[in-house]
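**Q** Here it is: the structure, laid out below.
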Amino acid sequence: MNTSLLWMTGALLIGAALVPVGFSLSATSPTSGPLHVSMPQWARAGPSYGTTTSTSTNWAGFVVPSSNGAVTDVKGSWVQPRFHGSCGGLYNNSESSFWVGIDGWGSNTVEQAGTSVSCVSVLFIGVVTYFAWYEFYPAGPVTIAMSISPGDHMSAEVKYSAAFKSYTVSIKDSSTGKSFSTSTTGVTANRSSAEWIAEAPSSSSGIIPLVDFGTVRFTAASATISGTAHAIGGFSNVQVTMWNQAGTAQKAAPSSLSSSGAGFVVRWLSYGP
C-alpha cells in the first residue's frame with residue numbers, strides 16, 4: 001500500500017508512491033515528492049502485448065493496464081507474510097504492504113485494500129505490527145479493526161457499481177473468519193488499471209525501507225475489465241520488479257504467472273531504499 005497510514009499509536013506515518021516515468025499526471029512529476037497514495041514511482045515499460053516487464057522503486061507484482069472506465073472489479077488472495085530479521089535500533093522504521101486495487105498505474109487515484117507488516121523501533125525498543133487497511137485516495141487511509149497474524153489467509157476485492165456509482169472494498173481473513181466491507185460514493189477515478197502488489201510504503205520523507213517478508217504468494221487473482229472477467233493471464237499484463245532508488249539492486253521480484261494465470265510469488269531481496 002502506499003498510504004500515509006497513521007498508526008493508532010501515532011508512532012509511524014506511511015505514505016505514498018510516485019508516478020511512473022512516461023505517464024502524465026497533473027498532481028506531480030516523476031521527480032517530485034511522494035503523493036499520498038500508492039502509485040509506482042518510476043517504470044520502464046516494454047511492448048504492449050502479452051506479459052511485459054517494468055521496474056519501480058516501491059511496487060512488485062502484476063498490473064493490467066486498460067482504458068479509462070474499463071475496470072470494474074479486482075480480486076485476489078494471499079497468505080500474510082511473517083516479519084523476518086530483527087526489529088531494533090536507535091530509530092528504525094520499515095514496512096511491507098500487500099494489496100489488490102484499481103488505478104494508480106498512470107492515474108492519480110487508487111482504490112485499494114490490503115494488509116501490512118511494519119517495524120517501528122525508537123531508542124532500541126522495536127515493535128512489529130500486522131494490520132489491515134483500505135484507501136480511496138485522495139481521501140486518507142483507514143486502518144481496519146481486524147486482528148491479523150502471520151500465516152493468515154487473506155482475500156480482498158475492490159468493485160465498482162455503475163448502477164450506484166459507488167466503490168466497495170472488502171477484505172476477509174479466512175483463518176479467523178473475520179471480514180470487513182465498506183462502500184463509498186462520490187469518488188472520481190479513472191478505473192484504468194488493475195493491480196496485485198507487494199509495496200514499500202512511503203512517508204513524507206520518502207520511501208520506507210522494505211520489511212523482509214520472505215515471500216508472499218498471490219492466488220485467485222482476477223479482474224473484470226470491459227465486462228469480461230479473467231485471471232491476470234487472460235489480459236495483457238505487466239510484471240513489475242522493485243529496485244532501489246539508485247537502480248543498483250532489486251528489492252523484491254515477482255515470479256512468472258502460474259499455469260492458471262491467476263497466481264504468482266513475490267520474493268523479498270533487500271531493504272532498499
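**Q** Please enumerate the residues belonging to region 87-104 that are at pLDDT below 95, crowded, with 21+ Cβ neighbours inside 10 Å and not in a strand (DSSP E or B).
**A** If the condition is that a residue be at pLDDT below 95, crowded, with 21+ Cβ neighbours inside 10 Å and not in a strand (DSSP E or B), then G104 is the only one that fits.
**Q** Before we move on, is S203 closer than 22 Å to V120 by Cβ, of a type in the set (G, A, S) and at pLDDT below 95?
**A** yes
**Q** Being over 23 Å from S259 (Cα atoms) and without any contact (Cβ under 8 Å) to a residue 40 or more places away in the chain narrows it down to one of S192, S205, S226, so name that one.
**A** S205
**Q** If V216 satisfies all but one of (1) more than 25 Å from P141 (Cα to Cα); (2) in contact (Cβ under 8 Å) with a residue 40 or more places away in the chain; (3) of a type in the set (A, V, I, L, M), what's the number of the condition it fails?
**A** Only one criterion in (1) more than 25 Å from P141 (Cα to Cα); (2) in contact (Cβ under 8 Å) with a residue 40 or more places away in the chain; (3) of a type in the set (A, V, I, L, M) is unmet by V216, namely (1).
**Q** For region 163-195, enumerate the residues that are closer than 25 Å to P65 by Cα and outside any strand (DSSP E or B).
**A** A163, F164, K165, G186, V187, T188, A189, N190, R191, S192
**Q** A further question on this structure: Within region 207-214, does at least one residue satisfy the condition of being of a type in the set (F, W, Y), crowded, with 22+ Cβ neighbours inside 10 Å and not in a strand (DSSP E or B)?
**A** Yes, some residue in region 207-214 is of a type in the set (F, W, Y), crowded, with 22+ Cβ neighbours inside 10 Å and not in a strand (DSSP E or B).
**Q** So Y160 passes all but one of these: (1) within 21 Å of F131 (Cβ to Cβ); (2) assigned to a strand (DSSP E or B); (3) modelled with pLDDT of 95 or more. Which condition number does it fail?
**A** For Y160, the failing item is (1).
**Q** If G272 meets every condition in (1) buried (at least 19 other Cβ atoms within 10 Å of the Cβ); (2) at pLDDT 95 or above; (3) outside any strand (DSSP E or B) apart from one, which number is that one?
**A** (2)
**Q** Can you tell me how many residues in region 67-81 are under 23 Å from T176 (Cα atoms) and surrounded by fewer than 15 Cβ atoms within 10 Å (Cβ to Cβ)?
**A** Number of matching residues: 0.
**Q** Specify which of the listed residues (T184, T228) is in contact with a Ser or Thr (Cβ under 8 Å, 6 or more places away or on another chain) and more than 22 Å from E95 (Cβ to Cβ).
**A** None of the others qualify; the one that does is T184.
**Q** Continuing with the same structure: Would you pick out the residues in region 228-245 that are hydroxyl-bearing (S, T, Y) and assigned to a strand (DSSP E or B)?
**A** Once the filter is applied, which keeps residues that are hydroxyl-bearing (S, T, Y) and assigned to a strand (DSSP E or B), region 228-245 yields T228, T241.
**Q** Any idea which of (1) closer than 21 Å to S202 by Cβ; (2) over 15 Å from the mean Cα position of the chain (by Cα); (3) in a loop (DSSP other than H, G, I, E, B); (4) among the polar types (S, T, N, Q) is the one T129 doesn't satisfy?
**A** (3)
**Q** Which numbered condition trips up S147, out of (1) in contact with a strand residue (DSSP E or B) (Cβ under 6 Å, 6 or more places away or on another chain); (2) farther than 14 Å from T72 by Cα; (3) among the hydroxyl-bearing types (S, T, Y)?
**A** Looking at each condition in turn, S147 falls short on (1).
The values are calculated or read from the model by the stated rules, or taken from the named source; none is laboratory data. If you're wondering where the values come from, they're calculated on a predicted model, not measured in any experiment. Note: ideal-geometry Cβ built from the backbone for every residue, glycine included; neighbour counts use all protein chains shown.
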